[in-house]
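Each remark here refers to the structure printed beneath this line.
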Amino acid sequence: MSAVIDDHGPAQDHAHGPAKGLMRWVLTTNHKDIGTLYLWFSFCMFLLGGSFAMVIRAELFQPGLQIVAPAFFNQMTTMHGLIMVFGAVMPAFVGLANWMIPLMIGAPDMALPRMNNFSFWLLPAAFALLISTLFMAGGGPNFGWTFYAPLSTTYAPESVTYFIFAIHLMGISSIMGAINVIATILNLRAPGMTLMKMPLFVWTWLITAFLLIAVMPVLAGVVTMMLMDIHFGTSFFSAAGGGDPVLFQHVFWFFGHPEVYIMILPAFGAISAIIPTFSRKPLFGYTSMVYATASIAFLSFIVWAHHMFVVGIPLVGELFFMYATLLIAVPTGVKVFNWVSTMWQGSLTFETPMLFAVAFVILFTIGGFSGLMLAIAPADFQYHDTYFVVAHFHYVLVPGAIFGIFASTYYWLPKWTGHMYDETLGKLHFWLSFVGMNLTFFPMHFVGLAGMPRRVPDYNLQFADFNMVSSIGGFMFGTTQLLFLFIVIKCIRGGPKAPAKPWDGAEGLEWSVPSPAPYHTFTTPPEIK
Amino acid sequence: MANSTAVKRLVLRLLLMVVVMFAFGFALVPIYDVMCKAFGINGKTAGQYEGEQVVDPTRQVRVQFLSTNAIDMVWEFYPKGDQLVVNPGAVNEMVFVVSNPTDHPMTAQAVPSISPAEAAQYFHKTECFCFTQQVLQPGQSLEMPMRFIVDRDMPKDVKHLTLAYTLFDITARHPPVAANAGKDETRLAR
């Protein structure tokens, strides 16, 4: 964990490129290599978590139990959530941070390159541990990704201990990644790059990193308490010994609510880079964007109990958490209006990154609105634990976080690979994803409002048609992601040569280096005007 | 290039933040208990009540009694009556019956909860089996009195409250060797 900074002069710099062979990837301390590793790891997890979702949608294709046993279905819903949250979305953003933050602030590398290597390589270990539980006697985690006690303590499968250690490893990895991001942003900015000149992606990541440092230790704490309850006879969450299962929910959601912003804020930053580029206008309201992001981060700490309106918190508590939650709509609205104002009267073109970015703004807003519906405490009593909740958080996570990652990938792929991706296939990927995603998740609003509970393998006949539509959409969305894999591989292997700045409206230091970005960049800090 | 002492200092501060937040996670446990007590939320009742109150003959409150066995608990456990209509300030009694139908001695702990939760701080127990643990020999049964006072200051809109007990088998954690109603005061005062 020493603060080693590559200190070679520019003359030496062209002499060494990446090492050869497999050990390059194991031993690398280069931010671009580590970024690439994170992104590939995240994509593997995305496909794995996605295949679990395919199992879920296949089982829900028709009412009745057809394909998997209910016990296995529970493991699929749990693992789908855990892998998508901790394995796909979070590492993808860390990968983007690794690749882009040094390029955006004119730094030669991350501030702590060796720690960077360690924080990546913890992840394969953590997920190997987690996934191995599926093959153990008694099965893997089956208590939902929120692992409420006592389901995850008293009634948990034996493998829960592996799950706990996997969470510990992921937490350590995230915390180290966050420390690295903060150290890089606060110490390695090129001279003249003041905080308020930083690209918004850097700003949102700085704030996200502070959120990570604040809440990942709390997650580590809550799984440690579970560990002690299970193995060391404590009673944090066991009423028999004087504990309280509701306490689990409070501690978990104290982590869990900021966590949902951890998964969306970096996407906000990327979208704030992409929309101005393809509107050929500077971002509208840069300063308000920064303050809005900081306000969202602050509010995320005081709204956690809106996940637990039905546990029986007092009326004053319900009101406080309801109003605080509704308040989040204000800074989020500022952001949405700023994006729309950026596009207003711009010279818009709709290349693939822009398509994903525009879809992000529209669909994320739909997810935001269903979030407002859920925030209203008396209405939440009706919606709680139904498919309406599933529809809501998939609308903020799929067209939010995932589309944000797709948009970023297409946007920076020419910089990473030196080739332009296939625009036709990119647009096809967008439209199939867009239709598939809406087909999957929009009907869930209806079945949820009609009362279909989440996390069940079977359902009442009245929900049959909508579920079949959801499943068809799900298969479509899932299969489409193989097209994305093909597009990325095709772009790495060849394609039209990308210039240093492939998008004519783009701003930022990352476009001042050639494409593909050389192995070492900004060994002498650039001039910031 | 930034100097490495600045990076080191920053990293140390961030690590300190991590340690503080980890500790904060655990601090939430006592904070939660204190908040629940202070605001009388979550339906948790306080320990033994020592005070006395003057009876308010003008007001009546209906108190219902529920008994539930936690999973895997095989004892019989029930109150002798479903409900009582009481005057605030008066001392009332309800007898609960437990019996151990198994062929081995067992230890149990009853955990109370009051609904609506805001009434919990106005429900005073002067005597309760839930203050201690119960040890029953094979086949033994026991009648356990529970005496309580509903506070005169309880909000007027509460006309009806429910006291629910859940009985947990804690034989594994507290083997019934200490015989007879182990007075384990160190655990909890309910």
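In table form, for the structure just shown:
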read-out: Count of segment B:139-156 residues which are farther than 15 Å from B:P112 by Cα and of a type in the set (K, R); value: 2
read-out: Single residue of A:A183, A:A178 found to be over 30 Å from B:A172 (Cα atoms), crowded, with 23+ Cβ neighbours inside 10 Å, within 7 Å of chain B (Cβ to nearest Cβ) and not charged (D, E, K, R); value: A:A183
read-out: Residues of segment A:361-401 satisfying the condition of being of a type in the set (S, T, N, Q) and assigned to a helix (DSSP H, G or I); value: A:T365, A:S370, A:Q382
read-out: Breaking point among (1) in contact with a Pro (Cβ under 9 Å, 6 or more places away or on another chain); (2) within 8 Å of another protein chain (Cβ to nearest Cβ); (3) buried (at least 24 other Cβ atoms within 10 Å of the Cβ), for A:F163; value: (2)
read-out: Single condition A:V222 does not satisfy, out of (1) free of Cβ contacts under 8 Å to residues at least 40 places away in the same chain; (2) surrounded by fewer than 23 Cβ atoms within 10 Å (Cβ to Cβ); (3) in contact with a helix residue (DSSP H, G or I) (Cβ under 8 Å, 6 or more places away or on another chain); (4) in a helix (DSSP H, G or I); value: (2)
read-out: Tally of residues being facing chain A (nearest Cβ under 8 Å) and in a helix (DSSP H, G or I) across segment B:1-17; value: 9
read-out: A:A209 vs. criteria within 10 Å of chain B (Cβ to nearest Cβ) and either surrounded by fewer than 24 Cβ atoms within 10 Å (Cβ to Cβ) or of a type in the set (D, E, K, R) (or both); value: no
read-out: Residue that is nearest to the chain's Cα centre (by Cα) [pool: residues in segment A:230-255 that are crowded, with 23+ Cβ neighbours inside 10 Å and more than 9 Å from chain B (Cβ to nearest Cβ)]; value: A:F252
read-out: Whichever residue in segment A:102-150 is of a type in the set (V, I, T), away from chain B (no Cβ under 14 Å) and under 23 Å from the mean Cα position of the chain (by Cα) and, among such residues, is surrounded by the fewest Cβ atoms within 10 Å (Cβ to Cβ); value: A:T146
read-out: Any chance B:D157 is away from chain A (no Cβ under 13 Å), under 25 Å from B:G51 (Cα atoms) and at pLDDT below 90; value: no
read-out: Where A:A214 falls short, out of the listed (1) assigned to a loop (DSSP other than H, G, I, E, B); (2) touching a residue at least 60 places away in the same chain (Cβ under 8 Å); value: (1)
read-out: Matching residues, segment A:19-39, being without any contact (Cβ under 8 Å) to a residue 40 or more places away in the chain and small (G, A, S); value: A:A19, A:G21
read-out: Strands (runs of 3 or more DSSP E) (entirely within segment B:18-134) containing at least 2 residues that are away from every other protein chain (no Cβ under 14 Å) and within 30 Å of A:H250 (Cα to Cα); value: B:61-69, B:123-127
read-out: Filter result (touching a residue at least 60 places away in the same chain (Cβ under 8 Å), assigned to a helix (DSSP H, G or I) and over 23 Å from the mean Cα position of the chain (by Cα)) within segment A:332-356; value: A:T342, A:M343
read-out: A:W511 vs. criteria crowded, with 17+ Cβ neighbours inside 10 Å and either in a helix (DSSP H, G or I) or touching a Lys or Arg at 6+ places or on another chain (Cβ under 7 Å) (or both); value: yes
read-out: Among residues of segment A:151-160, those that are within 14 Å of chain B (Cβ to nearest Cβ), surrounded by fewer than 24 Cβ atoms within 10 Å (Cβ to Cβ) and polar (S, T, N, Q), counted; value: 1
read-out: Residue in segment A:453-469 that is under 30 Å from A:P199 (Cα atoms), out of contact with any strand residue (DSSP E or B) (no Cβ under 9 Å at 6 or more places or on another chain) and free of Cβ contacts under 8 Å to residues at least 40 places away in the same chain present; value: no
read-out: Residue in segment B:6-13 that is exposed (fewer than 13 other Cβ atoms within 10 Å of the Cβ), of a type in the set (V, I, T) and farther than 24 Å from B:P79 by Cα present; value: no
read-out: Enumeration of residues in segment A:186-197 that are more than 8 Å from chain B (Cβ to nearest Cβ) and surrounded by fewer than 21 Cβ atoms within 10 Å (Cβ to Cβ); value: A:A190, A:P191, A:G192, A:T194, A:L195, A:M196, A:K197
read-out: Residue list for segment A:192-247, filter: aromatic (F, W, Y) and either in contact with a strand residue (DSSP E or B) (Cβ under 7 Å, 6 or more places away or on another chain) or at pLDDT 95 or above (or both); value: A:F201, A:W203, A:W205, A:F210
read-out: Residues located in segment B:40-62, provided they are more than 15 Å from the chain's Cα centre (by Cα) and of a type outside the set (K, R); value: B:E50, B:G51, B:E52, B:Q53, B:V54, B:V55, B:D56, B:P57, B:T58, B:Q60, B:V61
read-out: First in segment A:129-149 and touching a residue at least 40 places away in the same chain (Cβ under 8 Å), second anywhere and of a type in the set (K, R) and surrounded by fewer than 23 Cβ atoms within 10 Å (Cβ to Cβ), Cβ under 9 Å, 6 or more apart; value: A:G144/A:R454; A:G144/A:R455
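The values are calculated or read from the model by the stated rules, or taken from the named source; none is laboratory data. The structure presented is a predicted model; accordingly, all values stated were derived computationally and were not measured. Note that each Cβ is placed from the backbone with ideal geometry, even for glycine, and that neighbours are counted across all protein chains shown.
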